[in-house]
Amino acid sequence: MIFKTATQEIDLSKITRVFPSAIVIDEGDRVQVSLEWIEEKKDKVKLECYSLVFDFDLVGEEIRNRVEVDFETKDELISAMQEVANLYEAKK
């Protein structure tokens, strides 16, 4: 199962975790926050983008193999999440 973006091909059979996030800039650093958090704080922080995060390391291990796919809008993120879900569903 391959999820294709404009610049990447991600082998979904090798991921250990996938989750959505929002990216904000805090004191010059790029910080990943939950979608729930950004909804609560969107008037107080600068939203840079939304991101779909693919981890390839086992949960609990140090994160070394992570791919983040960024989106300008939440709708684009949701669409990508649906595409990933459809790929998993098609595999069944």
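No lab work stands behind these numbers, since they all come straight from the coordinates. Here the structure is a predicted model, which means the values were calculated and not measured. All Cβ positions, glycine included, derive from the backbone under ideal geometry; neighbour counts span all protein chains shown.
The count of lysine pairs in the chain whose Cα atoms are under 20 Å apart, excluding pairs fewer than 8 places apart on the same chain, comes to 10. Computed from Cα atoms, the angle from the helix 74-91 axis to the main principal axis of the chain rounds to 20 degrees.
Determine the distance separating the Cα centre of the range 1-24 from the Cα centre of the range 40-92; give it in Å without decimals. If we compute the Cα centre of each part, the gap is 7 Å.
In the chain, which longest range has no GluC sites (Glu not before Pro) that are both DSSP loop (not H, G, I, E or B) and surrounded by at most 16 other Cβ atoms within 10 Å? Between the exposed loop sites, the longest stretch runs 28-60.
In the chain, the convex hull through the Cα atoms has an average projected area of 6.8 nm², a quarter of its surface area.
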